[in-house]
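Remarks on the structure that follows.
The values are calculated or read from the model by the stated rules, or taken from the named source; none is laboratory data. None of these values were measured; they are calculated from a predicted model. Note that each Cβ is placed from the backbone with ideal geometry, even for glycine, and that neighbours are counted across all protein chains shown.
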Amino acid sequence: MRQPTAIGHARNPAGGVAAHVRRSGRRLLGRGRRTHVRNRTRSTFGPNPVDYRTVLGMDSLPGRPTSAAQTTLSRIMTALDTNLLGTVHGGVIMKLVDDVAGAVAQRHSGGPAVTASMDEMAFLEPVHVGDLVHAQGRVNWTGRTSLEVGVRVVAEPWNEVRVAKRVATAYLVFVGLDADGRPREVPPVLPETDEDKRRFAEAEIRRTHRLARRAAILKSRGTGESG
Ligand SMILES: CC(C)(COP(=O)(O)OP(=O)(O)OC[C@H]1O[C@@H](n2cnc3c(N)ncnc32)[C@H](O)[C@@H]1OP(=O)(O)O)[C@@H](O)C(=O)NCCC(=O)NCCS
């Protein structure tokens, strides 16, 4: 079994065959084709007879451990944050989630990264005025130019020491951009703990579902246009 810590180290045959494969691979694969190829690849943690990252020339950047970009944003909720029912507006929490996920994505990828999608935002408990809310973000998974950030939101009274309760979770996909605004390669994440590895494996399942859903919708329209 290939261990994730090996990714990005001492396996970058600069130039030669790998560079050729990368250049021709990108040209030949295009959007749909690349998706198809990635669907055929194996999990980083499963049996992996073909090192697809090397074959596709995707291991040119050194990996970064999960903990490197882990970030928490905290804010006290006030009356300005409420909806008409008096609890905190879901959009306020979503903004906090997007903010922290953006920070995580840029810190991990070492440059600009934009939100490509935000899915599976689950609100588990209402948030109230006076709650101190913490949005904790980390990189769950990395692809070639995209990465998934998982955010856990917890809340505790601002003026009491109490165990914080989990109020929401979210998964967002970011894409690294180069100076011309085109997707750029991002460093592979190197899961460190068993929890990190579990999150990586689960993120791959979400990725597979996202791609399948997108492909099915496009197929049903009989067009390549998304949106
Ligand atoms: C995100 C964006 C850069 C993708 O551009 P694109 O030309 O579709 O990029 P590609 O088809 O080459 O895909 C690039 C990567 O993004 C992923 N991706 C693209 N759209 C996605 C989506 N809706 N959901 C999840 N992943 C997506 C692809 O799977 C690919 O990942 P990989 O390289 O790791 O395999 C482009 O759609 C964009 O600029 N969107 C607007 C972003 C924005 O303004 N966000 C809000 C403000 S931050």
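Given (1) more than 15 Å from the ligand (Cβ to nearest atom); (2) in contact (Cβ under 8 Å) with a residue 40 or more places away in the chain, where does G90 come up short, assuming only one miss?
(2)
Would a scan of the range 215-222 turn up a residue that is over 18 Å from A113 (Cα atoms) and touching a strand residue (DSSP E or B) at 6+ places or on another chain (Cβ under 9 Å)?
No, the range 215-222 contains no residue that is over 18 Å from A113 (Cα atoms) and touching a strand residue (DSSP E or B) at 6+ places or on another chain (Cβ under 9 Å).
Go through (1) more than 16 Å from the ligand (Cβ to nearest atom); (2) under 27 Å from L85 (Cα atoms) one by one and return the number of the condition D119 breaks.
(1)
Just to verify a result, which residue in the range 135-154, among those that are more than 9 Å from the ligand (Cβ to nearest atom) and of a type in the set (G, A, S), is nearest to I93 (Cα to Cα)?
Out of the qualifying residues, it is A135.
Quick grid of which residues meet (1) among the aliphatic types (A, V, I, L, M); (2) within 15 Å of the ligand (Cβ to nearest atom); (3) modelled with pLDDT under 95:
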| position | (1), (2), (3) |
| --- | --- |
| D98 | no, yes, no |
| G102 | no, yes, no |
| E156 | no, no, no |
| V167 | yes, no, no |
| L172 | yes, yes, no |
| P188 | no, yes, no |
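Is it fair to say D180 is more than 14 Å from the ligand (Cβ to nearest atom), surrounded by fewer than 17 Cβ atoms within 10 Å (Cβ to Cβ) and in the same structural domain as L96 (by TED's automatic domain parsing)?
no
Does the range 197-207 include one or more residues that are more than 12 Å from the ligand (Cβ to nearest atom) and assigned to a loop (DSSP other than H, G, I, E, B)? Please lay out each step first, then the result.
We begin by selecting, within the range 197-207, every residue more than 12 Å from the ligand (Cβ to nearest atom); these are 197-202, 205.
Applying the additional criterion that residues be assigned to a loop (DSSP other than H, G, I, E, B) yields none.
The answer is no; no qualifying residue exists.
Yes/no matrix, rows are residues, columns are (1) touching a Ser or Thr at 6+ places or on another chain (Cβ under 8 Å); (2) aromatic (F, W, Y); (3) crowded, with 16+ Cβ neighbours inside 10 Å; (4) modelled with pLDDT of 95 or more:
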position: A19; (1), (2), (3), (4): no, no, no, no
position: H36; (1), (2), (3), (4): no, no, no, no
position: R64; (1), (2), (3), (4): no, no, yes, yes
position: T72; (1), (2), (3), (4): no, no, no, yes
position: K95; (1), (2), (3), (4): no, no, no, yes
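Cβ-Cβ below 7 Å, separation at least six or inter-chain, first residue in the range 193-217 and under 23 Å from R64 (Cα atoms) and at pLDDT below 95, second among the aliphatic types (A, V, I, L, M) and not in a helix (DSSP H, G or I): which pairs?
Short answer, once both residue conditions are applied: none.
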